[in-house]
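The values are calculated or read from the model by the stated rules, or taken from the named source; none is laboratory data. In this text, all values refer to a predicted model and were calculated from it rather than measured experimentally. Every residue, glycine as well, gets a Cβ built from its backbone with ideal geometry; the counts of neighbours run over all protein chains shown.
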Amino acid sequence: MSDAVERIRKEMSRVLVGQRELVDGLLIALLCQGHVLVEGVPGLAKTTAVRTFARVLDLSFRRIQFTPDLLPADLLGTQVYEPAQSTFRLHRGPLFHQVILADEINRAPAKVQSALLEAMEERQVTLAGETLKLPEPFLVMATQNPVEQEGVYPLPEAQVDRFMLKLRVDYPTREEEVEIVRSRTAPGVIEEPAPALSASDVLSVRETVRRVHVEPALLDYAVALVARSRSLSAVELGGSPRASIYLIEAARARAYLEQRDYVLPEDVKRVAPPVLRHRLLLTYEAAAEGQTADAIVRELLGAVPTP
């Protein structure tokens, strides 16, 4: 499995230009049984990225467009009456796929978000009084539009906390955008990526990631970062113990992506922004002054001594 990451990146690059952090974030979440919240304006290839990711890993994929009139049954499924047999048949919804794109998740009402929360946390759903397991591996990538805020339902803090990582997708560089336009407008058929791993391979790699060594000093470092976040004057609500757990798990996966079997302090620092930025609730005064969660994370990394 030592070259698995490079095979995945190579196949992804056949379709995507740039987006290295997004691809690595999806890999980290998948290998740690986590989920990803992505923030970015429309047109930055978020859907293309996750669809290609599922294809490269040979996983089933489904995109769900979240709207205000969406119902839990639209995600979970329902009982369908079969007149010929005079019985009800269980029709499973789109959540019974391995990679789910929850597009504009904050446009759905609370009941739908609650149904998704059970699926993300428990990896199972309750349908017609029956508990059904979801396929493994199971990854939810949810998107939010940071600009258009009319008609949205803010995500509850409990649900935001269920996302292992929050990634920000920005505009490509000029060189990357030129390459995107060239590849999309060139004559001929766009080369499709080939599967680089299978679902069973992913489960095997997960076990490898869990065996990546973490020194006790790095455990203390992760806990110290999160604990410090709770005492800052600019922060109304800091990270929970789940944030400390995710810091270590994500650092393990980051070390694996760098083809190491041990974690370095730099691994913890690299995953700190996507792990912590959505878990820090700033005070009204700090937000009014223009402070951001990313700036607070940089402050934390500078204030807590590196082991």
- Item | Residue satisfying condition, being out of contact with any Leu (no Cβ under 9 Å at 6 or more places or on another chain) and outside the structural domain of N145 (by TED's automatic domain parsing), within set L218, L203 | L203
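Just to check your reading of the model, which residue among L37, L27 is in the same structural domain as V178 (by TED's automatic domain parsing), assigned to a helix (DSSP H, G or I) and within 21 Å of the chain's Cα centre (by Cα)? Steps first, please.
Details: L37 fails: assigned to a helix (DSSP H, G or I).
From the options L37, L27, the qualifying one is L27.
For region 111-130, name all the residues that are assigned to a helix (DSSP H, G or I) and over 20 Å from the mean Cα position of the chain (by Cα).
Quick first cut of region 111-130, residues assigned to a helix (DSSP H, G or I) only: 111-122.
Within region 111-130, K111 is the sole residue that qualifies.
For region 137-156: of the residues being in a loop (DSSP other than H, G, I, E, B) and at pLDDT 90 or above, which is farthest from L167 (Cα to Cα)? Write out each step before concluding.
Filtering region 137-156 down to residues in a loop (DSSP other than H, G, I, E, B) leaves 137-138, 145-156.
Among the residues that remain, those that are also at pLDDT 90 or above are: 137-138.
Numbers: P137: 20, F138: 18 Å.
Among those that are in a loop (DSSP other than H, G, I, E, B) and at pLDDT 90 or above, it is P137.
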- Message: Can you say whether L237 is surrounded by 17 or more Cβ atoms within 10 Å (Cβ to Cβ), out of contact with any Cys (no Cβ under 6 Å at 6 or more places or on another chain) and closer than 19 Å to L165 by Cα, as far as the supplied structure shows?
- Response: no
- Task: State which residue is modelled with the highest pLDDT when the search covers only region 188-237 and only residues that are farther than 30 Å from T283 by Cα and among the small types (G, A, S).
- Result: A217
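Assess whether A49 counts as being part of a helix (DSSP H, G or I), closer than 24 Å to S198 by Cα and aliphatic (A, V, I, L, M).
Values: part of a helix (DSSP H, G or I): yes; closer than 24 Å to S198 by Cα: yes; aliphatic (A, V, I, L, M): yes.
Judged against the criteria, A49 is a match.
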- Residues in region 52-91 that are touching a helix residue (DSSP H, G or I) at 6+ places or on another chain (Cβ under 8 Å) and more than 16 Å from P137 (Cβ to Cβ) total 12
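Is there a residue being assigned to a loop (DSSP other than H, G, I, E, B) and among the polar types (S, T, N, Q) anywhere in region 171-183? Can you show your working first?
Pass one, region 171-183, residues assigned to a loop (DSSP other than H, G, I, E, B): 171-173.
Narrowing the set further to residues that are among the polar types (S, T, N, Q) leaves 173.
Yes - at least one qualifying residue is present in region 171-183.
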- Message: I'd like the full set of residues that are closer than 19 Å to E21 by Cβ and either surrounded by fewer than 21 Cβ atoms within 10 Å (Cβ to Cβ) or hydrophobic (A, V, I, L, M, F, W, C) (or both), limited to region 279-301.
- Response: T292, A293, D294, A295, V297, R298, L301
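Looking at P187, P216, which one is out of contact with any Asp or Glu (no Cβ under 9 Å at 6 or more places or on another chain), loosely packed, with under 11 Cβ neighbours inside 10 Å and over 24 Å from E11 (Cβ atoms)?
P216
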